[in-house]
Amino acid sequence: MSALLSVRDVTVRFGGITAIDGARLEVEPGRLLGFIGPNGAGKTTMMRVITGVVRPSAGQVLFRGSDITRWSTVARIRHGLALAQQIVRPLRALTLLDNVALAVGHRRLTSPVAAMLRHDRRRERERAHTLLERVGLAEVAGQRPEALPLGYLKRLEVARALALEPALLLLDEPLAGLNQREARAMADLIAELPGPSLAVVLIEHNLGEVLRVCPTLYVQDGGRALAFGPTSEVMARADVRAAYLGVGR
């Protein structure tokens with residue numbers, strides 16, 4: 001199977017500091033990949049390279065058959081890339097339904113404001129309601145974000161990202177700040193997202209939930225790719241346990 005996303009020998013330097021050193025990563029269509037590593041592993045920098053916020057000093061990023069290394073973030077989104085961020089910043093003056101409807105209408109109009117001012121927003125709102133059902137928020141679709149707990153807002157962020165109709169969804173620490181019950185429920189939701197038209201990369205510190213729901217792992221340490229493969233095989237490696245868990249140090 002050809003890769004949906006391929007990061008090839010990417011190096012990122014900030015002045016005299018090498019944040020990523022020749023890292024390689026592939027994501028196949030329809031898969032759920034867990035992206036883990038200790039603090040300082042360069043996970044955030046890698047994510048920013050993939051999304052176009054940071055341009056690599058060397059190497060390539062290929063996505064859906066195109067070399068997107070020099071593309072803008074907006075161009076990558078239009079090509080099928082979406083990111084659900086760790087810090088959720090919904091439009092608090094709008095209901096959850098309208099927050100998602102705004103994202104649904106992104107392809108039809110260049111101005112998000114114009115999208116919300118259209119006389120007929122029925123299609124956008126119907127699609128938004130479907131997405132809120134998918135993430136378990138249909139019952140609170142008419143409420144505003146300020147009235148809801150963090151666990152709901154994390155799900156809203158996923159719904160807004162799905163509204164962009166991505167082929168690849170990056171999830172940046174979606175379990176951060178959640179209690180054990182909420183984190184488990186969120187991980188269960190994430191496990192159900194991948195399908196024929198959607199692959200998911202889960203960047204997360206909650207190792208227990210990552211190991212529970214992700215069949216494949218990519219481990220990065222010190223800016224270098226340390227391991228990639230089936231979860232059980234990766235976690236059986238002594239170098240992974242030493243780097244990530246501190247075993248043997």
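The values are calculated or read from the model by the stated rules, or taken from the named source; none is laboratory data. Because the structure is predicted, anything quoted here is derived from the model rather than measured. A quick note on method: Cβ atoms are made from the backbone with ideal geometry, for glycine too, and the neighbour counts reach across all protein chains shown.
Miscellaneous remarks
Yes/no matrix, rows are residues, columns are (1) surrounded by 17 or more Cβ atoms within 10 Å (Cβ to Cβ); (2) within 19 Å of V200 (Cβ to Cβ); (3) in the same structural domain as T231 (by TED's automatic domain parsing):
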| site | (1), (2), (3) |
| --- | --- |
| D9 | no, no, yes |
| E28 | no, yes, yes |
| F35 | yes, yes, yes |
| W71 | yes, no, yes |
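- Candidate set from the range 51-86 (those that are of a type in the set (K, R) and free of Cβ contacts under 8 Å to residues at least 60 places away in the same chain); member that is farthest from R24 (Cα to Cα): R78
- Scan of the range 178-191 for residues that are part of a loop (DSSP other than H, G, I, E, B) and either assigned by TED's automatic domain parsing to the domain that holds Y152 or exposed (fewer than 14 other Cβ atoms within 10 Å of the Cβ) (or both), ordered by number: N179
- Unique match (being farther than 30 Å from L178 by Cα and either among the aromatic types (F, W, Y) or outside any loop (DSSP other than H, G, I, E, B) (or both)) among R8, R76, R48: R8
- Any chance G42 is in the same structural domain as V213 (by TED's automatic domain parsing), in contact with a Gly (Cβ under 8 Å, 6 or more places away or on another chain) and buried (at least 20 other Cβ atoms within 10 Å of the Cβ): yes
- Qualifying residue in the range 116-124 (condition: in a helix (DSSP H, G or I) and at pLDDT 90 or above): yes
- Residue count, the range 190-215 (criterion: under 9 Å from L33 (Cα atoms) and out of contact with any Gly (no Cβ under 7 Å at 6 or more places or on another chain)): 4
- R48 being more than 29 Å from T216 (Cα to Cα), free of Cβ contacts under 8 Å to residues at least 24 places away in the same chain and within 18 Å of the chain's Cα centre (by Cα): no
- Residue among P230, P194 that is within 15 Å of the chain's Cα centre (by Cα) and either assigned by TED's automatic domain parsing to the domain that holds T45 or modelled with pLDDT under 95 (or both): P194
- Count of residues meeting criterion [in contact with a Leu (Cβ under 8 Å, 6 or more places away or on another chain), surrounded by fewer than 22 Cβ atoms within 10 Å (Cβ to Cβ) and not in a helix (DSSP H, G or I)] in the range 51-68: 3
- Single residue of A238, A199 found to be of a type in the set (A, V, I, L, M, F, W, C), outside the structural domain of R127 (by TED's automatic domain parsing) and free of Cβ contacts under 8 Å to residues at least 12 places away in the same chain: A238
- Yes/no for L175 being under 13 Å from the mean Cα position of the chain (by Cα) and outside any helix (DSSP H, G or I): yes
- Counting only residues that are in contact (Cβ under 8 Å) with a residue 40 or more places away in the chain, part of a helix (DSSP H, G or I) and closer than 17 Å to R181 by Cβ, the range 132-151 holds 1 of them.
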